[in-house]
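K.L.:
Have a look at the structure that comes next, please.
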Amino acid sequence: MSAETTAAQAPGAPVVCSRAGCRAEARWQVVWRNPRIHEASRRKIWTACDAHVAYLRDYLAARDFPVEVVALSDAAAEARP
């Protein structure tokens with residue numbers, strides 16, 4: 001682990017909400033893309049706590065970005081071989 005790695009990036013550390021100023025533990029992935037600049041295969045992921053998942057989803061949906069919300073635990077299960 002490099003000196004620049006933060007506690008939030010350390011293996012086993014809790015995933016933190018992506019909402020500016022929020023340090024709460026994330027329970028959701030907000031998966032989205034900007035269709036004007038990204039191919040359909042490229043998707044970005046924001047993480048969200050229960051308090052901010054709707055805000056982040058609505059922020060992206062208001063801009064007509066394709067957006068999907070997935071529970072963080074579901075996403076982790078899908079990533080396992």
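The values are calculated or read from the model by the stated rules, or taken from the named source; none is laboratory data. Remember, predicted model here, so these are calculated numbers, not experimental data. Here the Cβ positions follow ideal geometry from the backbone for every residue, glycine too, while neighbour counts run over all protein chains shown.
K.L.:
Restricted to the stretch 32-60, and to residues that are among the aliphatic types (A, V, I, L, M) and either farther than 11 Å from L72 by Cβ or in a helix (DSSP H, G or I) (or both), which residue is modelled with the lowest pLDDT?
P.N.:
Narrowing the stretch 32-60 to residues among the aliphatic types (A, V, I, L, M): 37, 40, 45, 48, 51, 53-54, 56, 60.
Then drop every residue that is not either farther than 11 Å from L72 by Cβ or in a helix (DSSP H, G or I) (or both), which leaves 37, 40, 51, 53-54, 56, 60.
Details: I37: 94, A40: 90, A51: 98, V53: 98, A54: 98, L56: 98, L60: 97.
Applying the filter and picking the extreme gives A40.
K.L.:
Are any of the residues in the stretch 9-26 modelled with pLDDT under 95, surrounded by 11 or more Cβ atoms within 10 Å (Cβ to Cβ), in a loop (DSSP other than H, G, I, E, B) and of a type in the set (S, T, N, Q)?
P.N.:
For the stretch 9-26, residues modelled with pLDDT under 95, surrounded by 11 or more Cβ atoms within 10 Å (Cβ to Cβ), in a loop (DSSP other than H, G, I, E, B) and of a type in the set (S, T, N, Q): absent.
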